[in-house]
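Peer 1: Structure in structure tokens, see below.
A short reminder: the numbers here are calculations on the coordinates, not readings from a lab. These numbers were taken from a predicted model, which means no experiment stands behind them. Cβ placement follows ideal geometry from the backbone for every residue including glycine, while neighbour counts extend to all protein chains displayed.
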Amino acid sequence: MARPAFGPQASRSAVLPNSADAMTPSVHLCLVFHNHQPVGGFENELEEAYRRCYLPFLDLFEPFETVAISLHTGGHLLAWLAEQHPEYVDRLRSLVEAGRIEILGGPQFEPILPMIPPRDRIGQVLAYADWLRRHLGQGISGIWTPESVWESSLIADLVAAGAAYTVLHDDTFLNAGLTDDELNGHFLTEDQGAVLRVFPSSRRLRSLVRVAPVRRLIDHCWHVAQTQPGATLTLATAGEVFGSRPDAQGRDHQDGWLKAFFEALQENHAWLHTTTLADSIRRTPARGTVYLGDGGPAEWNRAALPPKIERECLTATTKAGASASNDDAEAENDRRPFLRAGQWRNFRVKYEEANDLYSRMLYVSRRLQSAADAGADRGLLATAREHLYRGQSHPPYWHGTKAGIHLPQLRQAACHHLIRADAILDEALAGVGADEAYPVGAAFAEASVDDFNFDLMQEVRLANDHGALWIAPGRGGRIYRWDLRELGHNLLATFRRHREAYHPSQDDPTSILANQPTANREPAGDNTASSDRPPTHDRLPRHSLTDHFYDEDVSLNKIIDGTAFERGDFVDTPFRARLFRSSDRVQLRMRREGHAWGLPVSITKAVTLQAGSDQVTVTYLLENLQPQRTFHFGVEFNIAGPTTGPADGWLLDAGGQRLGHVGERLSQANFSSMQLQDRYHGLNLRLSADRPGSLWAYPVTTLSRDGQGLRPIHQGVCLIPHWLVQGDEAGRWAMRLTWRISGPAGESGQQPSACQLQTAVA
């Protein structure tokens, strides 16, 4: 029997099997490509991906008329392409009309579907199906499931949104008890009477695409054709593998792999038939019914584990794979179903920042539903809904092989859209006379109490027409979110220096890093790791209004590297809280009787918002101070977002003279006033004190892994004004700080609102 071109015994010029030969075995191959760029990605990155990946792919694909594919493009990316490169979308439409490309839909801005409420799952799928129908002229039956994260509760929602089939990672099928040989064609899955078709995407084929020559992939298909004639294989892979991942996880178009692949498909089309998912369903019935377990691909679930356990799991998986086979593409397959660990929802435990964003997202989603139920203006609801959907885009909610939540621009983009949605909902709810909703331009002050972040403790939201503070009395009385309403910016979209499984440690500084691709490293201030200096990790989130007591001679270096002794018990312990309201004023008063150096000390701080005022006032009072005893007291603030580029962020004194770059450490004596310029976001922050003291400032930098290896990422700036405190005759001490935050037009093309934080004694 004739061998395929590129087959195990054949050269490129080998005679192909005769398509008319009834004895020739054949196989069908569903090619599914997924193109994605995150909401919040930089414009130049989108353009580069277009030039290096999406455009060359289309140029290569078009001439091979026997090749058909299914294509999913994320809604954020496709909307950008329609605006910036409409000719690309026109070409897609022509290929759709020619039957060469099947367009897959899905949730418009690619959330992790089980993470969002059912109404938003259905809404996102319907919204994108409508967009695709209008722009590409195709009705949508098949959908892409972002990151292949699956739960059976999705089935009814997807079917209600018009979906008939999807494609999932083969791990999900293997964990349900199927074998590799059974993973061809498609299956049915059901929940509550709703039925969906599901295709298993082959890990083996994806691995061959990334690391093997074309002939090995064709070889594999030929083997399946001989052993399972008429079978249907599914290869679903990221489109960015071809051109925009210059690392070990991708291929450059210049290496010719994709062109050679399309040539091989065309040369072997007599027995290797490429097909779309839709055509495959029309051609062959389902192989049976399968009930799939919850979760995502193995590496996704594993990345949600605590770092130590993740390391152990990775080591066990690697050893098991190595002993299973010497073939790179098949190493893990034999034992992979039995090496399952982790649950994707634990990303919200591993990263409290993800839980903060998740809880903020649900808050907006519920408000939107309330506004819809109240009959609010449809135009306003549609705008708010798009902002909500953009704020649900998955990358800033997790971290695995991509930087994800480590990237400040992605977190800030999600915050921006959620804040925008919230402001629009105020207007929409005001239009139907709802309580605690105010029209644009109206002065107001309001407070609400709820378990906003799902920890069974009460948090407080104080808001006025300039912004909102979210405060956790049960966790040190800290401010954990600070929204600027008009700018749509969260000053506390910060990120702590998390310990990661791939970080070196004192006990084992190189084992994980040795197997990671490395990028060029640049000086990163406080968190550049090397084999002899593991990165610094934080014990607490990077919140603000955190109260510290230190040794008198503590150094800034010890503060930065986390070795300074905390002599008080206020940073993460509960404060008693009372809320006071009047017609134009709200105040949260918090108090804790604690200890510093084992001595009784009390702290009272009260946060006040006034309607129509651009000030936030916080009163600070320390009591029960021992006579003649000096206490070293500091208040920590973290500000998210300034980049480390010299033109983007500087610390200045009261006269505007530069004290240092935001990527540098600063220890200033005789502190009374300073400014922080964040040109990237167009913000100018001024901090002044009525009591002379000192100021520490340092950059917060994390060491993160992405597709190109390890690199430092600047997350923001930590500012700690601090004093040597002595009580008066009554054992009391008070101080006043004033923050003023403004955004002059012209810095970033945006005109943010002014907002002021004043720390004072009532």
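Peer 1: Between D653 and S370, how many nm apart are label points set 7 Å from Cα along the C-beta direction?
Peer 2: Label at D653, label at S370, 5.0 nm between them.
Peer 1: Tell me, what are the semi-axes, in whole angstrom and largest first, of the equivalent ellipsoid of the range 156-240 as set by the roots of 5 times the Cα gyration tensor eigenvalues?
Peer 2: 27, 15, 11
Peer 1: Please compute P(r) over all alpha-carbon pairs of the chain, binned at 20 Å starting from zero, and give each bin as a whole-number percent.
Peer 2: 15, 45, 29, 9, 1, 0
Peer 1: Over the range 27-294, what is the relative contact order in percent, taking alpha-carbon pairs closer than 8 angstrom and at least six residues apart? Present the calculation step by step, with values, prior to reporting the outcome.
Peer 2: Working: 480 pairs, mean separation 77.2, N = 268.
29 percent.
Peer 1: Further, regarding this structure: Quote the FRET efficiency, to the nearest 0.05, computed for E62 versus A316 with a Förster distance R0 of 30 Å and r equal to the Cβ-Cβ distance.
Peer 2: On the way: r = 46 Å, r/R0 = 1.52.
Rounded to the nearest 0.05, the efficiency is 0.10.
Peer 1: Still on this model: For the range 186-198, in order, what is each residue's ³J(HN,Hα) by Karplus, 6.51 cos²θ - 1.76 cosθ + 1.60 with θ = phi - 60°, in whole Hz (x at glycine and Pro)?
Peer 2: Once rounded to whole Hz, the list reads 9, 10, 9, 9, 9, 7, 6, x, 8, 10, 10, 8, 9.
Peer 1: E45 to R679: extension gain in nm, 0.36 nm per residue of separation minus the Cα-Cα distance?
Peer 2: 226.2 nm
Peer 1: Counting each DSSP H run of 4 or more residues in the chain as -39500 (n - 2.57), what helix-only mean residue ellipticity at 222 nm follows after dividing by all residues, to the nearest 500 deg cm²/dmol?
Peer 2: -8000 deg cm²/dmol
Peer 1: What's the extension gain from T24 to D377 if we count 0.36 nm per residue and subtract their Cα-Cα distance?
Peer 2: Between T24 and D377, full extension yields 120.8 nm more.
Peer 1: Quick one: if the Förster radius is 22 Å, what FRET efficiency do R691 and T630 give, using the C-beta to C-beta distance and rounding to 0.05?
Peer 2: Numbers: r = 14 Å, r/R0 = 0.65.
The pair R691/T630 has a calculated efficiency of 0.95.
Peer 1: Still on this structure: As I understand it, the value is the acute angle between the Cα axis of helix 257-267 and the longest principal axis of the Cα atoms of the chain; what does it come to in degrees, rounded to 10?
Peer 2: For helix 257-267, the angle is close to 30 degrees.
Peer 1: A further question follows. For a protection proxy built on the mean count of beta-carbon atoms within 10 angstrom, sort 98-107, 287-296, 386-395 highest first, please.
Peer 2: Top of the packing list down: 386-395, 98-107, 287-296.
Peer 1: Turning to a different aspect of this structure: For a label point 7 angstrom out from the Cα of V432 toward its Cβ, which stretches of the range 102-136 have the backbone nitrogen within less than 20 Å?
Peer 2: From the range 102-136, the list is 117-124.
Peer 1: Q226 to R134: extension gain in nm, 0.36 nm per residue of separation minus the Cα-Cα distance?
Peer 2: Result for the pair: 28.8 nm of gain on full extension.
Peer 1: Regarding the range 525-760, what's the average projected area of the Cα-atom convex hull, expressed in nm²? List each step's numbers first, then the result.
Peer 2: Details: hull surface 61.4 nm².
With every direction weighted equally, the projected area is 15.3 nm².
Peer 1: What is the order of K259, K605, fewest Cβ neighbours within 10 Å to most? Walk me through the numbers on the way to the answer.
Peer 2: Details: K259 17, K605 21.
Ranking K259, K605 by Cβ neighbours within 10 Å, fewest first, gives K259, K605.
Peer 1: Only residues of the range 277-306 count here: report those whose backbone N is under 14 Å from the spot 7 Å along Cα→Cβ of E182, or say none.
Peer 2: Answer for the range 277-306: 287-293.
Peer 1: I'd like the orientation of helix 408-430 relative to the chain: the angle between its Cα long axis and the longest Cα principal axis, in ° from 0 to 90, rounded to 10.
Peer 2: On a 0 to 90 degree scale, this one is about 70.
Peer 1: Computed FRET efficiency, Cβ-Cβ of L456 and D569, R0 22 Å: what is it to the nearest 0.05?
Peer 2: Here the calculated transfer efficiency is 0.50.
Peer 1: Would you mind ranking V349, V607 so that the residue whose beta carbon has the fewest other beta carbons within 10 Å leads the list?
Peer 2: V349, V607
Peer 1: So, one more: By how many degrees, between 0 and 90 and to the nearest 10, does the Cα long axis of helix 75-84 differ from the longest principal axis of the chain?
Peer 2: The angle comes out at about 90 degrees.
Peer 1: Okay, next question. Checking the cross-link filter: which lysines have an alpha carbon closer than 26 Å to that of K402, excluding same-chain neighbours under 8 positions apart?
Peer 2: Filter leaves K308, K319, K350.
Peer 1: For the chain, what relative contact order do you get, as a whole percent, if you take Cα pairs closer than 8 Å and at least 6 residues apart?
Peer 2: Here the relative contact order equals 10 percent.
Peer 1: Something else: If you rank F42, F57 by fewest surrounding Cβ atoms within 10 Å, what's the result?
Peer 2: Ascending Cβ contact count within 10 Å gives the list F42, F57.
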